[in-house]
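This report refers to the structure that appears directly beneath it.
The values are calculated or read from the model by the stated rules, or taken from the named source; none is laboratory data. Keep in mind that this is a model prediction, so the values were computed, not measured. When we count neighbours, we look across all protein chains shown, and the Cβ atoms used for this are built from the backbone with ideal geometry, even at glycine.
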Amino acid sequence: MSLMKSFLEKGKLFFLLYLLHSCVHKNEFDIVLEDFEGGVFSENWEIQGTAFHQPVNIDAIQDTVFNVHGKYFAYSSSQVSGTFKGSGKLITNSFTINRNFLRFLIAGHEHETRSSVNLIIDNTIVKSATGKNDLIFREIIWDIRKYEGKEAYLEIVDALSTESTQGFDNRLLVDRIVLSDDNRENKKVFEDFESGTFNSWNVTGDAFREPNSNKNVYYPIIANGYKGDYYAFSFGDSHDLLQGKLVSRPFKIQYDKIQFLIGGGSHDGKTCINLVVGEKVVRSATGDDDGNLRRKEWNVKNLRGSIATIEIVDQYSGPWGHIIVDEILFVNTPWYQRYAKIAGVVFVIILITIFILLKIRKKSRVEISDVERKTLEQLKNQIIINKEFRNQKYNLTSYSKSVGMDSEKIEQLFLRGEGKTFSFFINELRVEEFKKELQDPKNKAYTMIYIANQCGFSSKTSFYRIFKEVTKITPTEYKKLL
C-alpha cells in the first residue's frame, strides 16, 4: 500500500497530466463511421422511404462516378427503365462527438433541404451539405469542435420528386464518413498533376505520356478515388504492355510524412512509387491490384534533411502491370500532437498502474453457470460443424432466428463465457478457414480474395482489416510465411 500512497500523494501531478491530456488529446486515430464497403446497410442505419435499398457497387451502374473511395457508396436512386424513383432517408445511430472534424464525400443534386447530408444535435440541424449537380465526389470537412461531448446523428436525405428522367434532380451520393482530428492542415502539395503535364518530372520509357483525366481513360481499367482532374497513370492504349518511369525533381525532406494516393498493380519493385535517397530506395509502396486509389504514407522523420527524389515505376507487362498515383503530399505532425502522445502515454501508464493495484485480486472474466457453459458449447459446436460462417450474410441476427434464441442472450453468453463478441468469434473461424483453404493444393489457382469470399468475407477491405485484427499480420505477410 505504500506504493499506492505514493501515487495518491502525487494527485496534483495526475491532475496536471489530465489537464494536459485533455487540452492536447486531439489527433486521435480517425473513426470511420461508415465506408459502405460491406455492400449492405448495417444495423447502424435506419432506412426510411424507398430511395435507399443497399449501397451501390460502382461497377453495377452505367453512369461514371468520380472519386469513389473503394467500391461501394450510398446512392439514393435506382434506375428503372430510364426513370429515377424513390425518396427517403438514411439515419445513423447516435454517436458522441469526440473529434474536431467530420469529413465525408458527397455528390449529386444541389438542394439545401431536400437533397443533403445533415448533422443533427438536440433535434436541430447544425450542419448541412449538398452535391454540385454532378457525379463528382467532393470532400466536405465540418469543424465540430464546439459540439464536443454531445450526442449527434447524421441523416442522408433525398426528399425530391419521386419520378423524373432528369438525373440530378433527385439523387444523392455519399461515401466514407469519418470523425477525425485532421482538417488537412500542416500539409504541402508536392505534386497533384493538375497542370496536365509531366513538365516537372523526368520521363523515361513509354508508359507515361501525359497525366490522365476522365477524357483519356483507356478501358477496361478506370481509376477511382483520384483528386482533381489529372493523375499519373501508366495504363494506356497498349494497356499493360508499355513500361517506363517518372522521376521527380530533387527536394530536401523537411516534413514528418509523405502521403500519396496509389492504385494499380501490387508488384513490389515493378509497379510502385519509391522514395530514393542517395541512389537507394528507402521507402516503397504498391497498389492493391485494382483501380481504386487509396491513401498511403511513409514516415520520414529519420530522413529529415536528406536530399531525395520520388520515382513512379512501371517495369511490369503482365496482369495489373500498371501504376496509378495522385496527390503527393508532405505532412507535418502538429506540435500539439507530439506532446499529446507523450502526455497520453504517461497518463495511460499511471491509470493502468492504479487500476492494477486496486483490482489485482478481481477476476478478469465473469463466471457463467454450468448450464450456460453447456449451452454456449452447443452453440459453438453447431456453428463449427455446420460451417454456417462461410455464408457472407451470416450474422448474429440470422443465427438467433435459426436457433430460436434471443440475440442479446447469445451475445452475453459469448462475452461472459469467451470474452469476445459473437461477431469476433465468427471472424476468427473465417480466418482459420481461410488459412486452411489457402494451404489446400486444390486452391492454388485461385486468388486470396476469391478464397476469402468462399470463407465468408464479403469484401477485400473487410477481409484485410479482420485478418490483421485477428492475426496481427496482413494476408500477404501470412502467405509469404507459408
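Worth pointing out:
- Taking segment 353-381 as the range and being modelled with pLDDT of 85 or more and either in a helix (DSSP H, G or I) or farther than 23 Å from Glu418 by Cβ (or both) as the test, the residues that pass are Asp370, Val371, Glu372, Arg373, Lys374, Thr375, Leu376, Glu377, Gln378, Leu379, Lys380, Asn381.
- Filtering Leu329, Leu429, Leu396 for residues that are under 31 Å from the mean Cα position of the chain (by Cα), closer than 30 Å to Asp256 by Cβ, modelled with pLDDT of 90 or more and not charged (D, E, K, R) leaves a single hit, Leu329.
- Test: residue in segment 406-423 that is without any contact (Cβ under 8 Å) to a residue 24 or more places away in the chain, buried (at least 18 other Cβ atoms within 10 Å of the Cβ) and in a helix (DSSP H, G or I): no
- Being modelled with pLDDT under 95 and closer than 17 Å to Phe193 by Cβ holds for only one residue in Gly344, Gly291, and it is Gly291.
- Residues in segment 262-289 that are over 18 Å from Leu242 (Cα atoms) and out of contact with any Ser or Thr (no Cβ under 9 Å at 6 or more places or on another chain) were compared, and the one that is surrounded by the fewest Cβ atoms within 10 Å (Cβ to Cβ) is Glu279.
- Tally of residues being surrounded by fewer than 20 Cβ atoms within 10 Å (Cβ to Cβ) and modelled with pLDDT under 95 across segment 151-179: 9
- Meets criteria (farther than 28 Å from Asn44 by Cβ and not assigned by TED's automatic domain parsing to the domain that holds Gly39) for Ile385: yes
- Yes/no for Val277 being out of contact with any Gly (no Cβ under 9 Å at 6 or more places or on another chain) and β-branched (Val, Ile, Thr): yes
- Only one of the listed residues (Ser248, Ser234) is surrounded by 17 or more Cβ atoms within 10 Å (Cβ to Cβ), of a type in the set (Ser, Thr, Tyr), over 22 Å from Phe330 (Cα atoms) and in contact (Cβ under 8 Å) with a residue 60 or more places away in the chain. That residue is Ser234.
- Of all residues making up segment 369-405, the number that are surrounded by fewer than 16 Cβ atoms within 10 Å (Cβ to Cβ) and farther than 17 Å from Gly456 by Cβ: 13
- For segment 461-482, the set of residues classified as more than 15 Å from the chain's Cα centre (by Cα) and part of a helix (DSSP H, G or I) consists of Val470, Thr471, Pro475, Thr476, Glu477, Tyr478, Lys479, Lys480, Leu481, listed by residue number.
- Segment 461-482, residues that are farther than 23 Å from Thr421 by Cβ and charged (D, E, K, R): Glu477, Lys479, Lys480
- Residue among Phe208, Phe233, Phe198 that alone is over 18 Å from Gly287 (Cβ atoms) and either touching a Pro at 6+ places or on another chain (Cβ under 9 Å) or at pLDDT 90 or above (or both): Phe198
- Of residues in segment 85-111 being over 19 Å from Phe52 (Cα atoms) and part of a loop (DSSP other than H, G, I, E, B), the one nearest to the chain's Cα centre (by Cα): Arg99
- The set of residues in segment 434-482 that are surrounded by 13 or more Cβ atoms within 10 Å (Cβ to Cβ) and of a type in the set (Asp, Glu) contains only Glu437.
- Some residue of segment 292-302 being under 23 Å from Pro220 (Cβ atoms), hydrophobic (A, V, I, L, M, F, W, C) and either surrounded by fewer than 17 Cβ atoms within 10 Å (Cβ to Cβ) or assigned by TED's automatic domain parsing to the domain that holds Val325 (or both): yes
- Residue in segment 63-77 that is farther than 23 Å from Phe95 by Cα, charged (D, E, K, R), at pLDDT 85 or above and assigned by TED's automatic domain parsing to the domain that holds Ser115 present: yes
- Residue check for Asp268: touching a helix residue (DSSP H, G or I) at 6+ places or on another chain (Cβ under 6 Å) and either modelled with pLDDT of 90 or more or outside the structural domain of Ala207 (by TED's automatic domain parsing) (or both): no
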